[in-house]
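Engineer: I have a structure I would like to understand better, so I am pasting it below and will then ask my questions one at a time.
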Amino acid sequence: MSKRKELLLRAYIVLAVLILIALMLITATVNIGVFQAEQWREKGDSTKLKYFDIEPDRGNIYSADGYPLATSVPYFDLHMDLNSEAMTKSIFDANIDSLAIYFSRYVFTDASPASIKRKMIRRRNDGDRYFPIKNNATYEELKNIKSFPLIRLGKYRGGLIVERKSRRLKPFRNLASRTIGLDRDNAPSVGLEASFDDYLRGNAGKKLMERVGNVWIPVHDLTEIDPERGMNVVTTLDMRIQDIAEKSLLNALHNHNADFGLAIVMEVETGAIRAMVNLDRGNKGYYEAYNHAIGDATEPGSTFKLASVMALLEDGLVDLEDSIFINHGRAVFGKYQMKDSEWHKEMQLTLRRAFELSSNVGIARAVDQAYGGSKKDAAKYIKRLHQFGLNDKTGIQLEGERDPFIKDVDSDSWNMAMSLAWMAHGYELHITPLQTLTFYNAVANNGKKMRPYIVSEINDGTTLVKRFKPEVLDSRIASSATIKLAQELLEGVVIRGTGSAFKSNEYNFAGKTGTTRLEYWKDDGRKYQASFAGYFPAEKPKYSCIVLVNNPTQNGYYGATVAGTVFREIADNCMATDIELMAKATVPLTEEKAQSLPVFQAGYSADIQTVVKKVGLNFDNNSNGEWAILMPGEEQISLENRSLEKGLVPNVVGMGVRDAIFILENRGMSVKVNGFGRVREQSVAAGTRISGQKILLYLG
């Protein structure tokens, strides 16, 4: 072999070896970087570097009138990397004296600047990269500390390490607390926090951290992924009505020493829940602990009589003027005696009168006579209850709604001698308070059954993501004739029946009392559940409402005495504070309520005039503009102009929050509110020139 060929061969061999080595390196790189990436990443995590989740802020939950019901408030754990690469000795030495003074004045107030300086120098010399400054600092405290000497040089040279956390707060505290719910790590979430968690929770970010000793500090590089804040949930709750309902129910629970109670207010036309109150007895009072409105399916008692009479009417088996033999309110069905709540002097009552007086015997006998001939006949009664939707969940946007239970004629517990009679007045079946209210709401809505809903929209703070609209479950649960008669019956209860003791002379409302005996199979001790379901005003009703009080032990236990008075108080307050409802009042409000009309009330002039005229007060109308304020006078109140000059911050003190926000936002201002009620103070003085600034409204 010639020398030239030998050299070429050696060159080829070397080249081949190099190519082989290169291929091996590429293969190993791909294998490690792709196929074994997770394995090596885990190994690296366990030693030096690791990615940590950055928890996002949860979205806010708002009321329909714009109040925050649940919000995430940020707080911060603050440390310093005293050995950051960018923090040179000259930078540290030039700033340590002034930084120690600031720390002594604002953070470590019990330590002198000299002692702080010595400590920081010692920790720097020891290689400390996680010097503690303050835990749970507020945002204002963080801003202040960021302005300190050395720290204000930035996160690299200043060495500030900020660990952001958040705390979930409910500005209204106990108000609607159980409905709003809880987001918790150590137990299942509940309420809206659970039902809308997919929207509220946001997306976690990622941050690379380096382990230094026993602590992890952030590595400032380009791999950090910012968290995405959760979306906002806007509810249908009206905090004015929620507040009214809670206060009314709370007073009743104390007055009757009850175990728990609930109140729900629903908008008739839409099914929107305007208030949902659940109060349980605790060690120091009553608190929102469990959502009985959707989570308790119990025997409803006499409020179920409406469904029984409607079934009879739908099948054409009775007339409301038919006479029913009640035997003074005593009867025997099967082996058991049935009694009315009180002895009646009459032997017979019309079906209408039996309903108005809530006669158990009267309604039970009417149903038993009509459907008790055979199982086939009894099945017709059950079929009507299904027609009314009483065997279905409402499908409200809250987790935890219980299934109703309507006994079937083929069930093992069916008893032809007893079941119909007891079901007729609300026993041997189970239904939640919300399901009962949904049925009553359909009657108020001329037979149209709406799905109750408590969330109206999802947004990301600027853009609408999803809107929830009113949904019709059944366009007509019964014939128009049956619905009309049902409405007459419910009005009759209040005018002439068990609800007459708490009827109003200022407006009409309709409903049915309920007094359920709990654990009626026990001989010792008696417990009751008082309830009232109805709607107001009776003519063109706007709201339906149910109130339930469990185990009242003093000052009465009947539905009328305990729950009916709460219903009346809720209705009174709604009628007195809602301009649309005031126009439907049958007579002007009483002088006492008229005098409670607040002066210094500002707002839309036409609305204020409607209110003042409706309550029957004389006033001087000196307003000729769109906006006005009610002012006190020597002899009578007067309505004066509230001028709004273009380009200047208007005076919105005394206005309702909706009017105030409308006016300010239309003038290009960013509005935040604090509190509840009408505007009592504004952060930017009236008359200030508008330049797109923020304004805070204090309510009260």
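The values are calculated or read from the model by the stated rules, or taken from the named source; none is laboratory data. What you are looking at is a predicted structure, and each value in this text was computed from that prediction instead of being measured. Every residue, glycine as well, gets a Cβ built from its backbone with ideal geometry; the counts of neighbours run over all protein chains shown.
Engineer: Within region 353-362, identify whether any single residue is surrounded by fewer than 24 Cβ atoms within 10 Å (Cβ to Cβ) and of a type in the set (Val, Ile, Thr), and answer yes or no.
Structural biologist: Looking for residues that are surrounded by fewer than 24 Cβ atoms within 10 Å (Cβ to Cβ) and of a type in the set (Val, Ile, Thr), one finds none in region 353-362, hence no.
Engineer: When residues of region 133-158 are filtered for being more than 20 Å from LYS89 (Cα to Cα), out of contact with any helix residue (DSSP H, G or I) (no Cβ under 9 Å at 6 or more places or on another chain) and either assigned to a strand (DSSP E or B) or not β-branched (Val, Ile, Thr) (or both), how many remain?
Structural biologist: 6
Engineer: A further question follows. Going by the conditions given, is GLU488 acidic (Asp, Glu), touching a Phe, Trp or Tyr at 6+ places or on another chain (Cβ under 7 Å) and surrounded by fewer than 23 Cβ atoms within 10 Å (Cβ to Cβ)?
Structural biologist: So GLU488 fails the test.
Engineer: Does GLU519 satisfy the criteria of being surrounded by fewer than 24 Cβ atoms within 10 Å (Cβ to Cβ), within 25 Å of the chain's Cα centre (by Cα) and either farther than 29 Å from GLU569 by Cα or hydrophobic (A, V, I, L, M, F, W, C) (or both)?
Structural biologist: So GLU519 does not fit the description; no.
Engineer: Something else now. Looking only at region 109-126, count every residue that is touching a helix residue (DSSP H, G or I) at 6+ places or on another chain (Cβ under 9 Å) and surrounded by 17 or more Cβ atoms within 10 Å (Cβ to Cβ) and tell me the total.
Structural biologist: The qualifying residues number 5.
Engineer: Say we look at region 232-256 and pick out the residues that are in a loop (DSSP other than H, G, I, E, B) and modelled with pLDDT of 95 or more; which of these is surrounded by the fewest Cβ atoms within 10 Å (Cβ to Cβ)?
Structural biologist: If we take residues in region 232-256 being in a loop (DSSP other than H, G, I, E, B) and modelled with pLDDT of 95 or more, then THR236 is surrounded by the fewest Cβ atoms within 10 Å (Cβ to Cβ).
Engineer: For region 257-279, which residues satisfy the criterion of being surrounded by fewer than 24 Cβ atoms within 10 Å (Cβ to Cβ) and either touching a Leu at 6+ places or on another chain (Cβ under 7 Å) or in a helix (DSSP H, G or I) (or both)?
Structural biologist: The one that is surrounded by fewer than 24 Cβ atoms within 10 Å (Cβ to Cβ) and either touching a Leu at 6+ places or on another chain (Cβ under 7 Å) or in a helix (DSSP H, G or I) (or both): PHE260.
Engineer: Still on this structure, I have one more. Considering only residues that are in contact with a Leu (Cβ under 6 Å, 6 or more places away or on another chain), more than 22 Å from ASN415 (Cα to Cα) and without any contact (Cβ under 8 Å) to a residue 60 or more places away in the chain, which ones fall in region 325-355? Break it down stepwise before answering.
Structural biologist: Here is the first cut: in region 325-355, the ones in contact with a Leu (Cβ under 6 Å, 6 or more places away or on another chain) are 326, 351-352, 355.
With more than 22 Å from ASN415 (Cα to Cα) added as a condition, the list becomes 351-352, 355.
Result: LEU351, single match.
Engineer: When you scan region 577-663 for helices (runs of 4 or more DSSP H) that lie fully inside it, which ones turn up with 1 or more residues that are modelled with pLDDT under 80 and among the basic types (Lys, Arg)?
Structural biologist: 591-595, 605-614
Engineer: Still on this structure: Name the helices (runs of 4 or more DSSP H) wholly inside region 356-429 in which the number of residues that are in contact (Cβ under 8 Å) with a residue 60 or more places away in the chain and under 20 Å from TYR520 (Cα atoms) is 3 or more.
Structural biologist: 360-371, 419-424
Engineer: If you don't mind, there's one more thing I want to ask. Look at ILE13 and say whether it is at pLDDT 85 or above, in a helix (DSSP H, G or I) and loosely packed, with under 11 Cβ neighbours inside 10 Å.
Structural biologist: Answer is no for this residue.
Engineer: Considering only region 665-676, I want to know if a residue exists there that is out of contact with any helix residue (DSSP H, G or I) (no Cβ under 7 Å at 6 or more places or on another chain), assigned by TED's automatic domain parsing to the domain that holds GLU640 and assigned to a helix (DSSP H, G or I).
Structural biologist: yes
Engineer: Then there's this: Hey, does region 194-216 have a residue that's over 30 Å from GLY159 (Cα atoms) and touching an Asp or Glu at 6+ places or on another chain (Cβ under 6 Å)?
Structural biologist: Yes, region 194-216 has at least one match.
Engineer: Which residue, of ARG164, ARG129, ARG178, is crowded, with 18+ Cβ neighbours inside 10 Å, within 20 Å of ASN60 (Cβ to Cβ) and touching a residue at least 60 places away in the same chain (Cβ under 8 Å)?
Structural biologist: That would be ARG178, the only listed residue that is crowded, with 18+ Cβ neighbours inside 10 Å, within 20 Å of ASN60 (Cβ to Cβ) and touching a residue at least 60 places away in the same chain (Cβ under 8 Å).
For (1) out of contact with any helix residue (DSSP H, G or I) (no Cβ under 6 Å at 6 or more places or on another chain); (2) in a loop (DSSP other than H, G, I, E, B), each residue gets a yes or a no:
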{"residue": "TYR290", "(1), (2)": "yes, yes"}
{"residue": "ILE294", "(1), (2)": "no, no"}
{"residue": "SER302", "(1), (2)": "yes, no"}
{"residue": "LYS305", "(1), (2)": "no, no"}
{"residue": "ASP319", "(1), (2)": "yes, yes"}
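Engineer: I would also like to ask the following. Can you tell which of LYS146, LYS155 is modelled with pLDDT of 95 or more, farther than 19 Å from GLU399 by Cβ and out of contact with any Pro (no Cβ under 7 Å at 6 or more places or on another chain)? Can you show your working first?
Structural biologist: Numbers: LYS155 fails: modelled with pLDDT of 95 or more.
Exactly one residue qualifies, and that residue is LYS146.
Engineer: Looking only at region 59-79, decide whether some residue is in contact (Cβ under 8 Å) with a residue 40 or more places away in the chain, in a helix (DSSP H, G or I), buried (at least 20 other Cβ atoms within 10 Å of the Cβ) and over 33 Å from the mean Cα position of the chain (by Cα). Break it down into steps so the answer makes sense when it comes.
Structural biologist: So in region 59-79, the residues in contact (Cβ under 8 Å) with a residue 40 or more places away in the chain come out as 59-79.
Keeping just the survivors that are in a helix (DSSP H, G or I) gives none.
Within region 59-79 (the criterion being in contact (Cβ under 8 Å) with a residue 40 or more places away in the chain, in a helix (DSSP H, G or I), buried (at least 20 other Cβ atoms within 10 Å of the Cβ) and over 33 Å from the mean Cα position of the chain (by Cα)), the answer is no, since none of the residues qualifies.
Engineer: Consider ASN255 against the criteria (1) in contact with a Phe, Trp or Tyr (Cβ under 9 Å, 6 or more places away or on another chain); (2) more than 19 Å from THR394 (Cβ to Cβ): it satisfies all of them except one. Which criterion is unmet?
Structural biologist: Unmet condition: (1).
Engineer: Next question. Of all residues in region 298-324, how many are in contact with a Leu (Cβ under 9 Å, 6 or more places away or on another chain), under 20 Å from ARG517 (Cα atoms) and of a type in the set (Gly, Ala, Ser)?
Structural biologist: Looking only at that region, the number is 2.
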